[in-house]
Amino acid sequence: MALSPVLLEVLACPEDKGPLYYLEDENALYNPRLTRRYHITDDIPIMLIEEAETVDAAEAERITAKIDADGISPTFPETSGQ
């Protein structure tokens, strides 16, 4: 089951408060600024900083390429001054 579009509109990284990318087929939310992945378990995003996974450069590149190739939009538009 996919996360609710309403929920996705308000989800932000708990550390830098910026938008995330929803990787539905990987059950994860990704923050490219911190190269951090937040897992989704039983349709519940685990948004605890200490539970997040920092990915290595190769994985960050793979995820970024997937975001670009699949046209995945951030959870909300980034604004200047964030």
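The values are calculated or read from the model by the stated rules, or taken from the named source; none is laboratory data. Worth saying up front: this structure is predicted, and the values here are computed from it rather than measured. Don't worry about glycine lacking a Cβ; one is built from the backbone with ideal geometry, like all the others, and counts go over all protein chains shown. Note: accessible area is taken over every heavy atom of the protein model, side chains too, but ligands, DNA and RNA are not part of it. Shrake-Rupley method; radii C 1.70, N 1.55, O 1.52, S 1.80 Å.
Note the full-extension length gain between Thr79 and Glu15 as 0.36 nm times their separation in residues minus their Cα-Cα distance, in nm to one decimal. Kindly include the intermediate steps, with their values, before the conclusion.
On the way: separation 64, 0.36 × 64 = 23.04 nm, distance 1.64 nm.
The span from Thr79 to Glu15 would gain 21.4 nm if fully extended.
Rule-of-thumb check for the chain: C-alpha Rg over 2.2 N^0.38 Å? Kindly include the intermediate steps, with their values, before the conclusion.
Values: Rg = 11.8 Å, N = 82, 2.2 N^0.38 = 11.7 Å.
With N residues counted in the chain, Rg over 2.2 N^0.38 Å equals 1.01.
Over region 2-45, what percent of the accessible surface lies on carbon and sulfur atoms, probe 1.4 Å?
Solvent-exposed carbon and sulfur of region 2-45 make up 55 percent of the total.
I want to make sure I understand the PRE zone here: with the label point 7 angstrom from the Cα of Thr64 toward its beta carbon, which residues in region 10-30 have backbone N atoms less than 12 Å away?
Residues passing the 12 Å test: none.
For the chain, with every protein chain kept in place, what is the accessible area per residue (1.4 Å probe, Å²)? Show your work: numbers first, answer last.
Working: 5000 Å² over 82 residues.
On a per-residue basis, the chain sits at 61 Å².
For n ≥ 4 DSSP H runs only, could you compute -39500 (n - 2.57) per run for the chain, divide by its residues and tell me the 222 nm figure to the nearest 500?
Working: 2 runs with 20 residues, N = 82.
So the calculated ellipticity at 222 nm is -7000 deg cm²/dmol.
Relative contact order for the chain: what is it in percent, counting Cα pairs under 8 Å that are at least 6 residues apart? Write out the running numbers ahead of the final one.
Details: 106 pairs, mean separation 25.9, N = 82.
Over the chain, the number comes to 32 percent.
By the gyration tensor of its Cα atoms, with a ≥ b ≥ c the square roots of the eigenvalues, what is the shape of region 34-78: rounded for a/c under 1.5, prolate for a/b over b/c, or oblate? All intermediate terms of the calculation are to be shown ahead of the outcome.
Numbers: a/c = 1.84, a/b = 1.27, b/c = 1.45.
Oblate, because a/c is 1.5 or more while a/b does not exceed b/c.
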